1. Charges only on Cβ, +1 for Lys and Arg, -1 for Asp and Glu: so what's the dipole of the range 1-60 about the Cα centre, in debye to the nearest 20?
2. So what is the relative contact order for the range 3-222, in percent, with contacts set as C-alpha pairs under 8 Å and at least six apart?
3. Search the structure for amide H atoms under 5 Å from the amide H of residue 74, placed 1.01 Å from N in the peptide plane, and list their residues when 5 or more places away or on another chain.
4. Once you mark the GluC sites (Glu not before Pro) that are in a DSSP loop and have at most 12 other Cβ atoms within 10 Å, what is the longest gap between them in the chain?
5. At a Cα cut-off below 17 Å, give the lysines reachable from residue 191, other chains included and same-chain residues fewer than 8 away excluded.
6. Give the shape of the range 8-90 as rounded, prolate or oblate, defined through the alpha-carbon gyration tensor: a ≥ b ≥ c are the square roots of its eigenvalues, a/c under 1.5 means rounded, and otherwise the shape is prolate if a/b is larger than b/c and oblate if not.
7. Taking the Cβ of each residue in 218, 43 as the centre, tally the other Cβ atoms inside 10 Å and list the residues starting with the fewest.
8. Tell me the label only: which of (1) 123; (2) 114; (3) 141 is volume of the Cα convex hull per residue in Å³ as calculated from this structure?
Amino acid sequence: MKTVLITGASRGIGQATAKKFLDEGWEIIGTSTSGKLNLKSDHLISIKLDLASGKDIAEVAQKIAGMNKKIDVLINNAGIALDSWDEGVDLAKTRQTFEVNLFGLIDFAERLLPVIKDGGSVINMDSRYGSFSMPIDDNTSIGYRMAKAALNMYTRFLAFRLKERDITVSSVDPGWVKTDMGIASGDEHSKPDREPEEPAAEIYNLATSKVESGLFWHKGKVREW
């Protein structure tokens with residue numbers, strides 16, 4: 001049985017992705033800040049992880065390494081959006097966003113590299129807001145956009161570093177999805193248009209296909225950085 005590790009698996013895209021992999025016969029290691037997941041299965045392991053805590057990251061990575069199993073797919077899905085409606089830069093929120101969406105993610109991923117199977121896959125959940133090709137049409141979500149743009153660069157560097165191990169590294173833009181985060185970023189005139197199950201299926205297909213490493217994906221196709 002193959003194993004996938006999904007951070008932020010208690011709701012939204014993470015939960016839908018965990019369910020998809022479970023339905024396909026995979027073992028799931030899922031993390032959440034509470035340590036609880038809203039899924040039931042004999043093939044599901046839930047772990048408490050706060051990506052803002054270096055102590056949590058170190059302890060969880062050590063716990064996973066102690067399981068003596070290889071991870072076929074790592075999906076770095078957990079993230080926060082604190083400045084969706086803020087005009088300009090709120091430095092405190094930007095620092096917190098980077099701590100979770102970038103530094104915590106990188107710290108966790110780097111600690112897990114030894115247990116990721118050669119020929120496996122790392123998928124970083126990114127956003128259209130992380131794309132330099134997307135026009136900037138308002139003065140909000142600046143910290144979130146910058147963290148996601150930096151995550152895309154990490155994807156490219158990690159793809160280069162893991163080339164000899166044949167590990168595919170990808171960024172994914174899931175689109176505007178009906179999750180707590182997605183709904184909170186909408187207004188009365190504009191709402192999310194995708195169900196979490198849609199990007200979940202695309203992530204599964206990406207994880208189980210042999211594709212070029214170091215690319216940015218949206219709806220199953222390569223998109224511009």
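1. It comes to approximately 160 debye.
2. Reported relative contact order: 21 percent.
3. 5, 121, 122, 123
4. 88-187
5. 178
6. On the way: a/c = 2.43, a/b = 1.47, b/c = 1.65.
Oblate, because a/c is 1.5 or more while a/b does not exceed b/c.
7. By the 10 Å Cβ count, ascending, the order reads 43, 218.
8. This structure yields the entry labelled (2).
Here, each number is a calculation from the coordinates, and none is a lab measurement. Quick caveat, the model's predicted, so the values are computed rather than measured. Methodologically, a virtual Cβ is constructed for each residue, glycine included, from the backbone with ideal geometry; neighbour enumeration extends over all protein chains shown.
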